[in-house]
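Read through the structure below, which is laid out as structure tokens, and then see the notes.
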Amino acid sequence: MGHGNQAGMSSEDVFEKVQSALVDALGVEDDEVTPEATLVGDLGAESIDFLDIVFKLEKAFGIQIPREDLSPEDILTNSQYVQDGKVTAQGLTELKRRMPWADLSKFEQNPRVQDFGDLLTVQDMCRYVQSKIGG
Amino acid sequence: MRWFWIDRFTSFHSGREATAIKNVSLVEEALDDYCLGYPYLPPPLIIEGLAQLGGVLVAEHMNFQKRVVLAKVVRAVFHQLAAPGDQLHYHAVLESVQDEGAMVSCTSKLHEQPQAEIQLMFAFLNENRFGEMPLFKPEELTTMLRLMRFFEVAVDPAGRPLDVTTDRSISPQ
């Protein structure tokens with residue numbers, strides 16, 4: 001499966017394809033899909049939309065996206081990494097290791113598990129795709 | 001009332017694609033009130049029929065071991081209405097499968113012309129969130145598929161007829 005190696009694709013090309021996938025999946029306008037927009041809070045993504053987004057990105061870029069890549073539920077439900085509803089320092093390290101493409105700097109300031117769902121931005125998705133296609 | 005929105009499978013290639021017929025009849029209650037005095041098959045029921053066709057395509061591909069539900073109508077475009085006496089030809093293609101669900105592209109044709117283009121996303125119910133209750137008893141599912149003449153046309157990826165059962169819990173594969 002896949003559309004060949006897309007390494008070398010410019011970041012503008014990646015953004016355009018990610019934008020197009022999000023416009024299709026979420027029924028939002030092009031200009032709403034800015035790099036800073038969060039998928040859940042700003043673009044209104046519901047949990048089921050993430051599966052749709054995954055299908056669209058896989059098709060657009062010819063990549064495979066394992067479930068755990070985008071939703072580190074195993075970390076967020078692991079008592080070793082979560083205390084009193086907050087991700088511990090060890091948990092944050094684990095999250096960064098799993099999701100090096102995600103900007104966790106804001107989340108780190110007050111790492112409440114309940115806020116994790118609204119963390120990912122369009123820019124994060126672009127960086128994730130770049131990491132998959134080796135761009 | 002039977003919630004069957006396809007009448008008959010006309011082909012079924014495991015893991016790939018399936019076709020079915022839907023005859024539109026004035027006797028169907030669903031046509032009565034949708035647009036008074038102007039009966040036609042409500043478009044949501046065309047989506048439902050395609051979801052039944054696509055859902056079986058996905059479920060069979062997963063050896064009937066996953067609970068497959070329609071999660072999202074990704075795209076729906078209708079080109080014409082389907083009136084009593086019309087015969088719709090449905091076609092569903094399995095586009096991709098993930099751990100959590102599958103994407104299916106569907107078309108409906110009337111007199112060889114496009115009637116509808118629908119893209120559907122199916123999800124697999126997760127035991128942790130939705131319990132382990134099956135959606136169908138295996139014998140009910142088998143009966144339903146038999147009524148729709150599924151087993152008369154269904155073939156596996158190698159082109160061999162499928163066994164007349166949906167109980168694959170002890171399947172050698």
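Of note:
- Options B:L94, B:L135; residue that is under 19 Å from the mean Cα position of the chain (by Cα) and either within 14 Å of another protein chain (Cβ to nearest Cβ) or among the β-branched types (V, I, T) (or both): B:L94
- Counting only helices (runs of 4 or more DSSP H) that sit completely within the stretch B:72-173, those holding 1 or more residues that are surrounded by 15 or more Cβ atoms within 10 Å (Cβ to Cβ) and modelled with pLDDT under 95 correspond to B:138-147.
- Take the conditions (1) surrounded by fewer than 20 Cβ atoms within 10 Å (Cβ to Cβ); (2) within 16 Å of B:A102 (Cα to Cα); (3) basic (K, R); (4) modelled with pLDDT of 90 or more; A:R67 misses just one of them, which is (4).
- Looking only at the stretch B:17-43, residues that are exposed (fewer than 14 other Cβ atoms within 10 Å of the Cβ) and either in contact with a Pro (Cβ under 8 Å, 6 or more places away or on another chain) or modelled with pLDDT of 95 or more (or both) come to 3 in all.
For every residue, the table says whether it meets (1) more than 26 Å from B:F124 (Cα to Cα); (2) in a loop (DSSP other than H, G, I, E, B); (3) more than 15 Å from the chain's Cα centre (by Cα); (4) without any contact (Cβ under 8 Å) to a residue 24 or more places away in the chain.
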residue	(1), (2), (3), (4)
B:G15	no, yes, no, no
B:A30	yes, no, yes, yes
B:D33	yes, yes, yes, yes
B:G37	yes, yes, yes, yes
B:V56	no, no, no, no
B:E60	no, no, no, no
B:L70	no, no, no, no
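- Selection from the stretch A:4-36 of residues that are within 23 Å of A:P66 (Cα to Cα), crowded, with 16+ Cβ neighbours inside 10 Å, hydrophobic (A, V, I, L, M, F, W, C) and away from chain B (no Cβ under 14 Å): A:M9, A:V14, A:F15, A:V18
- Every residue from the stretch A:37-48 that is more than 12 Å from every other protein chain (Cβ to nearest Cβ) and of a type in the set (S, T, Y): A:T38
- Evaluation of A:V40 against (1) under 15 Å from A:V113 (Cβ atoms); (2) of a type in the set (V, I, T); (3) over 12 Å from the mean Cα position of the chain (by Cα) (one fails), failing number: (3)
- Matching residues in the stretch A:49-80 - criterion: being over 11 Å from the mean Cα position of the chain (by Cα) and small (G, A, S): A:A60, A:G62, A:S79
- Among the residues of the stretch B:56-65, the ones that are crowded, with 20+ Cβ neighbours inside 10 Å and away from chain A (no Cβ under 14 Å) come to 5 in all.
- Wholly within the stretch A:11-82, helices (runs of 4 or more DSSP H) carrying at least 1 residues that are of a type in the set (V, I, T): A:11-26, A:47-61, A:73-76
- Residue within the stretch A:109-119 that is in contact (Cβ under 8 Å) with a residue 12 or more places away in the chain, in contact with a strand residue (DSSP E or B) (Cβ under 6 Å, 6 or more places away or on another chain), more than 14 Å from chain B (Cβ to nearest Cβ) and of a type in the set (D, E) present: yes
- Looking across the stretch A:49-74 at every residue that is of a type in the set (A, V, I, L, M, F, W, C) and under 24 Å from A:G85 (Cα atoms), the one that is farthest from the other protein chains (Cβ to nearest Cβ) is identified as A:L70.
The values are calculated or read from the model by the stated rules, or taken from the named source; none is laboratory data. These numbers come from a predicted model, not from an experiment. Note: ideal-geometry Cβ built from the backbone for every residue, glycine included; neighbour counts use all protein chains shown.
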